[in-house]
Amino acid sequence: MIGWCSGRPTLECNRTVGDEIYDCEVGHMFILKEYQHCGIGRELWKIVWNEILIRFHPKNLIVWSLNKEQAHHFYLSLGGALFQIDSCEHNSVEDLGHIKLHATDLDSEYIEYQKKRMTKSNVLLFFDNLLLEMGEYPKAKRHFDRILRSSNPNDEEIACIFFNFGRIHRLHGNFHRAIDCYNRAYKLHMDARPERLGSAGKCLNDLGIVYSEMGRQIRAEECFQGAMELYKISSPNDPLDIAGTLIHLGAIDCDRRNLKEALDKYQEAIRIYDSCLSPDHPSRARARVGLGNVHVASENYTMALQEYESTLKLQQAFLPADHEDIGRTLHNLAIVHTHLGNKDEAKKYSERANEIADQIPSLKHSFSYENIS
């Protein structure tokens, strides 16, 4: 045996934490040290989490973990929230344990970040979003289908489902189906009263990603610029979505060898991240990839190597081992090592990138289409 993980309905003494009542809990998760950082913990988590979801249908769950940074990063990468326990006391009158805790600074930031990406109106949608973040695309699609057909979702939830269908189809290389889903989500958001401009902007942003992966850069640029306009109207004081779209526009400039324009956009995105995010926030990896691409286009391969290596370290701390972003970074590292004449290193990174791409058709497509992803 190399590890174990267990979950169950929450014990009575653990049910109330702070002001929240939790339906289920994960109390034990252990992997032998020599088998850590191999993706085994994430696979164990998928098994126990899916079993809890199927058997108990919880509204929420809580995980009890050691107070170690490595454990924090693991659970945050799964979409969790981090709390610090202040005290545990037994109330003899109620015969219950009372646990006092507070949200940490890292947790507060991560919660706000996740709120921008997940609907708050449907708990099932939250769980299915989590499946999507974990790379469980077929399961996520089945669960989204179930909600769409049986849960009487409102128009905002339907738009959210079509948005996520679009993402699933894109990752599987079904670009035309992805475009249809994103357009349906966009229309639902724009037809709402009042219009949900921020959510519509996200649809345009992801449409731009699809068109970019199809090689239709002019159409992609139109979508990204449309997203920017909606973001500026809907949330001028919340620039994180703007930063993400700036990075996509910078990638188009880089492909066109407009390197100064690309660099300006990446640096503007970095300034936004500097003002809004902690130094090790996973979103920062996107800007570093862009800077690495500019260095490659400028044939400054040593600087590109530094950016990609920093990117990979940040991604591996927060993302699943087979995440598409990690695959792209490994691919970029293979290209840089090829230019530097490091054939063995290039081969190692290329093989790992291709292993991930074998599971994500759109990634394999981008590898064949582009030199730098």
Check: When you go through (1) open to solvent by less than 60 Å² (accessible area, probe 1.4 Å); (2) under 18 Å from ASN300 (Cβ atoms); (3) modelled with pLDDT of 95 or more; (4) not acidic (Asp, Glu) one by one for HIS339, which number turns out not to apply?
Finding: (1)
Note to self: For segment 306-325, give me each residue that is over 19 Å from the mean Cα position of the chain (by Cα) and open to solvent by less than 30 Å² (accessible area, probe 1.4 Å).
What the structure shows: GLU307
Check: Can you find a residue in segment 247-254 that is free of Cβ contacts under 8 Å to residues at least 24 places away in the same chain and touching a Lys or Arg at 6+ places or on another chain (Cβ under 7 Å)?
Finding: yes
Margin query: Can you find a residue that is of a type in the set (D, E, K, R), open to solvent by less than 20 Å² (accessible area, probe 1.4 Å) and either out of contact with any Pro (no Cβ under 8 Å at 6 or more places or on another chain) or modelled with pLDDT under 75 (or both) anywhere in segment 145-162?
Written below: yes
Margin query: Given the condition open to solvent by 60 Å² or more (accessible area, probe 1.4 Å), touching a residue at least 24 places away in the same chain (Cβ under 8 Å) and more than 18 Å from LEU314 (Cβ to Cβ), answer yes or no: does some residue in segment 201-223 qualify?
Written below: no
Margin query: Would you confirm whether or not segment 257-275 contains a residue that is over 20 Å from the mean Cα position of the chain (by Cα) and β-branched (Val, Ile, Thr)?
Written below: no
Next item on the list: Please enumerate the residues belonging to segment 320-345 that are without any contact (Cβ under 8 Å) to a residue 60 or more places away in the chain and farther than 20 Å from LEU291 by Cα.
Entry: GLY341, ASN342, LYS343, ASP344, GLU345
Check: If we scan segment 258-269, do we find a residue that is open to solvent by less than 30 Å² (accessible area, probe 1.4 Å), among the small types (Gly, Ala, Ser), over 24 Å from MET228 (Cβ atoms) and without any contact (Cβ under 8 Å) to a residue 40 or more places away in the chain?
Finding: no
Check: Mind checking which residues of segment 147-187 are farther than 21 Å from VAL210 by Cβ and out of contact with any helix residue (DSSP H, G or I) (no Cβ under 8 Å at 6 or more places or on another chain)?
Finding: ARG149, SER150, ASN152, ASN154
Next item on the list: Look through segment 276-288, keep the residues that are open to solvent by less than 30 Å² (accessible area, probe 1.4 Å) and at pLDDT 90 or above, and return whichever of them is farthest from ILE242 (Cα to Cα).
Entry: ALA285
Next item on the list: Find the residue count for segment 231-257, including only residues that are under 16 Å from HIS189 (Cβ atoms), open to solvent by 20 Å² or more (accessible area, probe 1.4 Å) and of a type outside the set (D, E, K, R).
Entry: 3
Notebook entry, point to check: In this structure, does LEU363 turn out to be open to solvent by less than 70 Å² (accessible area, probe 1.4 Å), of a type outside the set (Ser, Thr, Tyr), in a helix (DSSP H, G or I) and at pLDDT 95 or above?
Noted result: no
Next item on the list: Look at segment 290-302 and say how many of its residues are surrounded by fewer than 16 Cβ atoms within 10 Å (Cβ to Cβ) and not β-branched (Val, Ile, Thr).
Entry: 3
Notebook entry, point to check: Can ASN293 be described as in contact (Cβ under 8 Å) with a residue 12 or more places away in the chain and under 24 Å from SER310 (Cβ atoms)?
Noted result: yes
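The values are calculated or read from the model by the stated rules, or taken from the named source; none is laboratory data. Owing to the predicted nature of the structure, the values given are computational and were not obtained by experimental measurement. Cβ: placed from backbone, ideal geometry, glycine included. Neighbour counts: every protein chain shown. Ligands, DNA and RNA are stripped out before the accessible areas are found, and what is left, the full protein with its side chains, is counted by its heavy atoms. Shrake-Rupley method; radii C 1.70, N 1.55, O 1.52, S 1.80 Å.
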